[in-house]
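First the structure, in the form of structure tokens, and then the observations on it.
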Amino acid sequence: MAKTALTRAIKLTGTDVPEPKRRLLTAGPITALFDNGAIRYIRYRGAEVLRGVAYLLRDKNWGTYGPTIEDLKIRQGKDGFSITYTATAKDKEQGMRYAARIEAKAEGTVMFQVTATPLTDFLTNRTGFVVLHPLVGVVGEPVEIVHTDGKKRKSRFPKFISPGQPVFEIRSLKHTVVPGVTATVLMEGNKFEMEDHRNWMDASYKTYVCSLLDPWPYTLQKGEPFTQSVTVTIEGKPTAKKTAKAGSAIAVDVGGAKGRIPSIGTGVPMAEAQAALKSADLIAAMKPSHLVCQIDGRDPGQSEAAAAFRELKDRTGIRSTLEIVLPAQASAEHEVREIAGQLRAADYRPDAIVITHVHDLKSFQPNTPRPWGPTYEEMAAAVRETFPGIPLGGGMLSFFTELNRKPAPEGLFDFVTHSVCPIVHAADDVSVMETLEAIPSIIASTRNMMGKTPYHLGPSSIPCRDNPYGAAVAPNPGNGRVCLSDMDPRQRGLFAAAWNLGLIAAFAKGGVDSIALGAVTGPQGAIYRKANYKQPWFDGAKASVYPTYHVLAGFGAASGYKRLDAVSSMPSTVAAVGHQSKAGKELWLANLSSEPQKVKVSGFEGAARLHHLSDRNFQTITTKADYLESAGESVKKVSTLELGPYGVVRIKAA
């Protein structure tokens, strides 16, 4: 098999599959980005009005169709723009064709209308418009609501993340963009309701067509057209403010000690137990604070996996936390004893345990019936009886959403856990990086539920380790960007290194106690191994690790160090996190964008050594697992740096 060339795209995102081209359009003071049939970043005189408006088709498993766009016509005029296109979305069983029209006028309006016609009977969980309100300047702020019955009321966007829908039966929403400017979003063609998108790590409040209170999936009848529209009306003028000049450097100010770096670990899925053993030396060199292993009571091979976990712990000396998934077919006491027997047979004793059951791996709407399963209290009692003295965690192995909908009783567990995944609703590069903006809300909402109980983030990565919303994770045979897939090519690129550093920076600032990033090997891994899916360039190269390995290696050893208060002037573009030990200061920066960024660092005195993760040294950082032990680049003074696309740099006091 011919080797795949190491292209710039593979270095950045792990795949040569391109993203659709985007185009910036203007209508007087209004700007918007046209992106694969949707409009994003609607701004008025530079102020963000909406994060996006899109017409989406979801299948019965909440998978999102990727439409084929045809007859695209974009007209950019002096005082506005218009877009028309037709699109077809289909799979082997069903299809839909629709015609879209978008118009924006300098007077302050943006209109998006779609008429759709099912080509077959079309089974869907939801088909229609989605409107995204941004977080900055919106969280906790007032909103004026007009309902479908014409009644008006004043409310606020939720401050803490709402487990259910905060608003139902919506016709329009009006909010203040900046002082002096309001935006009214009129949604017609059906009823709409809002959900708090931050639940799934999305950086928005989402208003969507139809209602989750109605039965779904539902069928749209073949040949019966239907029309929906969204009209945004912007009024007023913002107070003039000075903004940074285009091309000016992003400022990062390094202050004093403020809190500590969380314990930084990684996951060892049950299916990766044997592969992890083969990579034990690389895992030991990575120095994670802990390994989060898993035993699923439904699966065979539990004693074999437990034996691998025990041997891995013996060979690396790294603490292990064990996630136990009960089958929920018998009492918690019985099922915990069954799994404990498998662990004893393997002579494996974990240092901590997280307990859950199979039904809590899936999603349920708030206040809806769930299948029978042991309660939090029953599971906790069973584990404490069978594993006395071992710290016990509870919560969800899945996303914050499910913890928010079924909170663990405060004080029952020694720590509370959930994970996050950035490809639940959108998988394009920009949306994935934007998810980092939701982390402060997730932390605040979890603390609001859990109080001072220690807070652990479970194994989290760009790829999805499990799908709470369907029968299985989504396939991704083409190395594309696919929602809810357990294999995402960006895990192999610089993209994942930047995203993981951004995640560490945000959760560390929020004061969480422990973070687990992805896995040691496999689709969510940091260490390369051959797999049953293609890994362009890596499969024919001598690579041993992915770039994100070095982020784990850098922070695993820094677990518990004093955290430096590193503040980025544009945290959505450049993430910053630092720490201090007896060896001196260390600052990490990550470019979260696809464009080069200049960064001006202040507060980091003296000479330093720099270690870059970039497209320029990609072969070095993927073939040399000990790259951070190399000499690096010496500088007498840390000042202005340039970070390439998705580039990461470690700045270590000399």
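The values are calculated or read from the model by the stated rules, or taken from the named source; none is laboratory data. Owing to the predicted nature of the structure, the values given are computational and were not obtained by experimental measurement. When we count neighbours, we look across all protein chains shown, and the Cβ atoms used for this are built from the backbone with ideal geometry, even at glycine. What goes into the accessible areas is simple: the full protein's heavy atoms, side chains included, and nothing from ligands, DNA or RNA. Shrake-Rupley method; radii C 1.70, N 1.55, O 1.52, S 1.80 Å.
Couple of notes before you dig in:
- Region 547-646 - percent relative contact order, Cα under 8 Å, separation 6 or more: 30 percent
- Placing R0 at 51 angstrom, the Cβ-Cβ distance between Lys636 and Asn36 gives a FRET efficiency of 0.65 after rounding to 0.05.
- Accessible area per residue, Å², region 521-611 with all protein chains present, probe 1.4 Å: 38 Å²
- Between the listed residues Gly317, Val292, Ile390, the Cα displaced farthest toward the positive end of the dipole of region 272-396, a dipole computed from Cβ unit charges relative to the Cα centre, is found at Gly317.
- In the chain, taking the dipole from charged Cβ atoms about the Cα centre, the farthest positive-side position among Gly603, Phe81, Ala426 is held by Gly603.
- Rounded to 5, percent antiparallel among DSSP beta bridges of the chain: 75 percent
- Take every Cα pair under 8 Å whose residues are at least 6 apart in sequence, average their separation, divide by the length of region 41-182, and the relative contact order is 21 percent.
- Here the label points at Asp626 and Ala345, each 7 Å from Cα along the C-beta direction, are separated by 4.0 nm in the simple model.
- Entry note, the chain: relative contact order of 14 percent, from Cα contacts under 8 Å with a spacing of 6+ residues.
- Take the Cα of Thr88, go 7 Å toward its beta carbon, and the backbone nitrogen atoms of region 101-129 under 16 Å from that spot belong to 116-121.
- Distance between the pseudo-spin-label points of Arg75 and Thr182 (7 Å out from Cα toward the beta carbon): 3.2 nm.
- For region 339-442: rounded, prolate or oblate by the Cα gyration tensor [a/c cutoff 1.5]: prolate
- Debye log10 I(q)/I(0) for region 159-303, one point scatterer per Cα, at q = 0.09 Å⁻¹: -0.70
- Positive-end ranking of His357, Ala438, Ala330 along the dipole of the chain, with charges on Cβ about the Cα centre, is headed by Ala438.
- FRET efficiency, 1/(1 + (r/R0)^6) with R0 25 Å, evaluated for Arg315 and Glu385 via beta carbons: 0.20
- Listed by chain and number, the aspartates and glutamates whose C-alpha is less than 17 Å from the C-alpha of Lys600, apart from same-chain residues fewer than 8 away, are Asp253, Asp565, Glu586, Glu642.
- Annotation for Glu169 and Ala330: the two label points, set 7 Å from Cα along the Cα-Cβ direction, are 5.0 nm apart.
- Added length on full extension, which subtracts the Cα-Cα distance from 0.36 nm per residue, Lys60 to Ala654: 208.2 nm
- The phi-based Karplus calculation (6.51 cos²θ - 1.76 cosθ + 1.60; θ = phi - 60°) puts the 3J(HN,Hα) values of region 639-645 at 9, 9, 10, 10, 9, x, x Hz, whole numbers, x for Gly and Pro.
- Once the chain from Lys452 to Thr219 is taken as fully extended at 0.36 nm per residue, the excess over their C-alpha distance is 79.2 nm.
- Hz values of 3J(HN,Hα) by residue in region 21-35 - Karplus curve (6.51, -1.76, 1.60), Gly and Pro given as x: 6, 10, 9, 8, 10, 10, 9, x, x, 9, 10, 8, 9, 8, 9
- Structure-based [θ]222 nm, the chain - -39500 (n - 2.57) summed over DSSP H runs of at least 4, per residue, nearest 500: -5000 deg cm²/dmol
- Checking the cross-link pairs Lys92/Lys206; Lys313/Lys624; Lys313/Lys585; Lys152/Lys206 against a 27 Å limit on the alpha carbon distance flags Lys92/Lys206; Lys313/Lys585 as lying beyond it.
- Only Lys, Arg, Asp and Glu carry charge here, each on its Cβ (+1 for the first two, -1 for the last two); on that basis the chain has a dipole of about 2100 debye about its Cα centre.
- Zone of Leu123's modelled label, taken as backbone nitrogen in region 216-239 under 15 Å from a point 7 Å along Cα→Cβ: 216-222
- Solvent-accessible heavy-atom area per residue, rounded to whole Å², over region 20-105 at 1.4 Å: 48 Å²
- Using a probe radius of 1.4 angstrom, the carbon and sulfur fraction of the accessible surface of the chain is 51%.
- Segment Asp253-Lys598, extension gain: residue separation times 0.36 nm, minus the distance between their alpha carbons: 122.8 nm
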